[in-house]
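Asks: Could you have a look at this structure, given as structure tokens, before my questions?
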Amino acid sequence: MRVIGLMSGTSYDAIEAAATDLTLDGDALHMRPLGHLSVPYPDELRDLIAATLPPATTNTQAVCALDTGIGQAFADAAGRALSELCDGTADLVVSHGQTLHHWVEDVTVRGTLQLGQPAWIAETTGLPVVSDLRSRDVAAGGQGAPLVAMTDSLLLRGLPGIPAALNLGGIANVTVVAPGAEPLAFDTGPANALLDAAVRHFTDGAAAYDEHGRRAGAGRVSTDLLTALLDDPYYRRPAPKSTGKEHFHLPYLLRALAAVPTPAADDVLATLTRLTAVTVADACRAHWVTSLVVSGGGLRNPVLMRMIADELPEVTLHPSDELGLPSDAKEALAFAVLGFLTVNGLPGALPSGTGARRAALLGNITPGLSPLRLPEPAARPPRLLRITAAH
């Protein structure tokens, strides 16, 4: 089955589209990536997302405009992927949409909202679309995140020691696969969320992120600010747990800055980078991780990667590309896998990773232009992911 996966993370800078051929063979899921592309959001749509995200207030007109605008942007990305990556032929599109709110009270996720109306994707491509993949896990008592844990666990199983996958997007998450234990997955805290918010704040919007970590590399870590940030109770909560920009946002950072002697801007960025490194390292040490397979935008920040390596001197770090999974496309491919599992009658969430009562089938299916025909349900779920290069 040829599947297009669409993803936009908590940094909301672009839509990542990836295409892959997927085949089930016994206990192995075979993946042949066909390529990926990144489609930036139109400026006005990105500005509307930024103006609507928590802690901002909004109205139903803005929510409706976002649902349509994001759906149309995802449809354009899917159309490009179909043409440029698939030679015009595919079977399924899987859309994560854009997370606008992840509703957490104490340690319980009450709901999650991903916008991007899938009807626009179905109309543009003519293909069936699997979307809204997180809500079913939430309804089953789970966190609805991190859903990349399914692909991570299939990829890591069989590696030596205690491997973990680390994704550094707006939020950092890890999946730990220890021998003889169920996989464990959770959000460790912010990766780029606070960094990006700080850069926009200090540059009055002229820059969106700390390119290659240059400003953080020029700064010095503020012990006072780091201590204040690490006092957040989230870091002490046991897994499974999830978080997002409804918690880690600019007002959150400004409150922390108001409570300590004011550091210089570059020192703030250095401190926020160290915060990500420390919280990732604490999570890895707590579960005896011996190797990290890294993906996400943070992988391109050499200062962040160096800080993580400094915090975890005994742990080997590798980009997911070394295992055949392109780091820039990992999340889009992971959601392609989830949609593939759904149409094959298989659950896509790991209760040990999300805390759900059971492993649920994920998502809603929007038919394409042809009558909807689903495969016969698969006999059993896969246990391994085998990746082959496209010819």
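The values are calculated or read from the model by the stated rules, or taken from the named source; none is laboratory data. Fair warning: this is a prediction, and the values are worked out from it, not measured in the lab. For neighbour counting, all protein chains shown are included, and Cβ atoms are generated from backbone atoms with ideal geometry for every residue, glycine included. The protein model used for the area step is the full one, side chains on, heavy atoms only, and it has no ligands, DNA or RNA in it. Shrake-Rupley method; radii C 1.70, N 1.55, O 1.52, S 1.80 Å.
Asks: Thinking of the stretch 164-224 as a set of Cα atoms, what percent of all their pairs are more than 16 Å apart?
Replies: Details: 1075 of 1830 pairs.
Within the stretch 164-224, distances greater than 16 Å cover 59 percent of Cα pairs.
Asks: How far, in nm, would the chain grow between Ala119 and Met1 when pulled straight, counting 0.36 nm per residue and subtracting the alpha carbon separation?
Replies: Working it through step by step, the gained length comes to 40.4 nm.
Asks: For Val63, Val280, Val315, give the ranking by accessible area with the largest first, probe 1.4 Å.
Replies: Accessible-area ranking of Val63, Val280, Val315, largest first: Val63, Val315, Val280.
Asks: Would you mind telling me the antiparallel percentage of the DSSP bridges in the chain, rounded to 5?
Replies: So the antiparallel bridges in the chain amount to around 65 percent.
Asks: Of the heavy-atom accessible surface of the stretch 249-319 (probe 1.4 angstrom), what whole percent is carbon and sulfur?
Replies: Of the solvent-accessible surface of the stretch 249-319, carbon and sulfur hold 61 percent.
Asks: Another question about this same structure. Between Ala51 and Leu254, how many nm apart are label points set 7 Å from Cα along the C-beta direction?
Replies: Distance between label points: 1.7 nm.
Asks: Next question. How much of the accessible area of the stretch 142-215, probe 1.4 Å, is carbon plus sulfur, in whole percent?
Replies: 55
Asks: Note down the nm distance, to one decimal, between modelled labels 7 Å out along Cα→Cβ at Ala65 and at Ala389.
Replies: Result for the modelled spin labels: 4.7 nm.
Asks: Distance between the C-alpha centers of the stretch 1-64 and the stretch 232-301? Whole Å please.
Replies: Each part's Cα centre sits 23 Å from the other's.
Asks: Give the ranking of Glu246, Glu322 by solvent-accessible surface, highest area first, calculated with a 1.4 Å probe.
Replies: Details: Glu246 45, Glu322 120 Å².
Order by accessible area, largest first: Glu322, Glu246.
Asks: Let me ask something else about it. Remind me, relative contact order of the stretch 153-297 in percent, using alpha carbon pairs under 8 angstrom and six or more residues apart? Can you show the working numbers first?
Replies: Details: 231 pairs, mean separation 51.4, N = 145.
Averaging sequence separation for qualifying contacts and normalising by length gives 35 percent for the stretch 153-297.
Asks: Rolling a 1.4 angstrom probe over the protein heavy atoms, how many square angstrom per residue are accessible across the stretch 125-208?
Replies: The answer is 27 Å² per residue.
Asks: Keeping all protein chains in position, work out how much accessible area Arg255 exposes to a 1.4 Å probe, and write it in Å² to the nearest 10.
Replies: 150
Asks: Quick check on the chain: helices-only [θ] at 222 nm, where DSSP H runs of length 4 and up contribute -39,500 (n - 2.57) each and the sum goes over total residues. Nearest 500, please.
Replies: -10500 deg cm²/dmol, from helical runs alone.
Asks: Report the Stokes-Einstein translational diffusion coefficient (µm² s⁻¹, integer) for the stretch 55-178, Rh taken as the Kirkwood radius over Cα pairs, at 4 °C with viscosity 1.567 mPa s.
Replies: 78
Asks: Further question on the same structure: I'd like the orientation of helix 265-286 relative to the chain: the angle between its Cα long axis and the longest Cα principal axis, in ° from 0 to 90, rounded to 10.
Replies: 60
Asks: Follow-up question, since we're still on this one. Looking at the stretch 94-215, what % of its DSSP beta bridges pair antiparallel, to the nearest 5?
Replies: Bridges in the stretch 94-215 are about 90 percent antiparallel.
Asks: Now for a separate question. Taking only C-alpha pairs under 8 Å that are 6+ residues apart, what is the relative contact order of the chain in percent?
Replies: 24
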